[in-house]
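One structure below.
Please treat every number below as a calculation from the coordinates, not as lab data. Everything quoted here is computed from the prediction, not taken from an experiment. For neighbour counting, all protein chains shown are included, and Cβ atoms are generated from backbone atoms with ideal geometry for every residue, glycine included.
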Amino acid sequence: MMSRHCSGVTTGFLKKLPDPAVIGNAGSFFKNPVVTPEQCRDIIQRDPEIVHYPMPDGSFKLAAGWMIDACGWKGKTVGRAGVYEKQALVLVNRGDARGAEVVTLARAIQESVYGRFGIRLEPEPVVI
């Protein structure tokens, strides 16, 4: 059973997703990375505001959307693919975007996040 806290977070996240009938999207595009306590401490020293959550095994989950937003990607567009204005984890089709444009945008975001935080974001959807 889902806890009320988790349910509230999920409901809040879903409210930030665009309606796919209005704007094409793949939902949440990147996984929230899980790091060691040492990695988390190192990132907090450089970016004290980073959103992170302790995991039962002692590791920490970092908020990928927060990192993407902190790198300035929220609302940005590359070609016809963009980062949704209300949720930085969501990549959207701004009009006839090709798969290559989405991949180019995703890679640029990954490079940006890696450059600032030293974390490699992993895509959630399988790109074929």
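If you keep only loop residues by DSSP, which GluC sites (Glu not before Pro) in the range 25-120 have at most 11 other Cβ atoms within 10 Å of their Cβ? When the GluC sites (Glu not before Pro) of the range 25-120 are filtered for loop state and at most 11 Cβ neighbours within 10 Å, E49 remain.
What length, rounded to one decimal in nm, is gained on full extension from D42 through to E111, with 0.36 nm per residue of separation minus their alpha-carbon distance? Please report the intermediate quantities before stating the final value.
On the way: separation 69, 0.36 × 69 = 24.84 nm, distance 1.89 nm.
That pair, D42 and E111, stretches by 23.0 nm at full extension.
Using a Cα distance threshold of under 19 Å, what count of lysine pairs results for the range 23-117 when pairs must be 8 or more residues apart or interchain? Present the calculation step by step, with values, prior to reporting the outcome.
Details: K31/K61; K31/K74; K31/K86; K74/K86; K76/K86.
Qualifying lysine pairs in the range 23-117: 5.
Computed from label points 7 Å out along Cα-Cβ, the spacing between H52 and E85 is 3.3 nm.
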